[in-house]
Amino acid sequence: WLEVANYIEENYDTDCLKTVYLAGDGAAWIKQGRHWIPNVKIVLDKYHLNKYIISATDNVPEMRSDIWRSLYKKDLKQLKCVFDDIMICADSPQRVEQINKTWQYIKTNWEGIMNSYDTRYIGCSAEGHVSHILSELLSSRPLGWSCFCHS
């Protein structure tokens, strides 16, 4: 984070920076960025949030829209009711565990989810770029690469 903070300080007029959006998957190390970078708002990227939602609702995909609606409305109480309904439909102990894990993930990252709806936040394409690059490298006509070390 020190390297990132130094980069920002050297390349931007930090007195003019109103908000720095720091997007990620909710990992603790990413959230540590708020202690190093001024005016940071943590944002939970929708790629990871969606991954959790899909895994919790595999057997009830029709309930995904209820989750997203509650998130969009920023209504945690309504979201809890949706998760209670999803739990009723759980078809295995593993599903119960995944539903609980998703609920905890959402509660733990609530601030970052709410920040993702900030009208000034334009999004993050990191996951899409990583996916695209890996797809290209590992396609049916994979590319080769190597490492050259210079002394």
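Brief remarks follow.
- Remark: relative contact order (region 1-112) = 23 percent; criterion is Cα-Cα distance under 8 angstrom and separation of 6 or more residues.
- Gain upon complete extension [VAL4, CYS81; 0.36 nm per residue less C-alpha separation]: 23.7 nm
- Within the assembled protein chains, the solvent-accessible surface assigned to MET63 is about 20 Å², based on a 1.4 Å probe.
- Size descriptors for region 1-59, from the alpha-carbon set: Rg then Dmax equal 14.8, 50 Å.
- Once backbone amide H atoms are built at 1.01 Å from N, ILE42 has LEU22 as its partners under 5 Å, excluding neighbours fewer than 5 places away on the same chain.
- Tensor-based shape of region 35-110 (alpha-carbon gyration tensor, a/c under 1.5 rounded, otherwise prolate or oblate): prolate
- Cross-link check: pairs LYS51/LYS101; LYS31/LYS77; LYS18/LYS73; LYS46/LYS73; LYS18/LYS51 evaluated at a Cα-Cα cut-off of 23 Å; pairs beyond the cut-off: LYS31/LYS77; LYS18/LYS73; LYS18/LYS51.
The values are calculated or read from the model by the stated rules, or taken from the named source; none is laboratory data. What you see is a predicted model, and the numbers here were worked out from it, not measured in a lab. The protein model used for the area step is the full one, side chains on, heavy atoms only, and it has no ligands, DNA or RNA in it. Shrake-Rupley method; radii C 1.70, N 1.55, O 1.52, S 1.80 Å.
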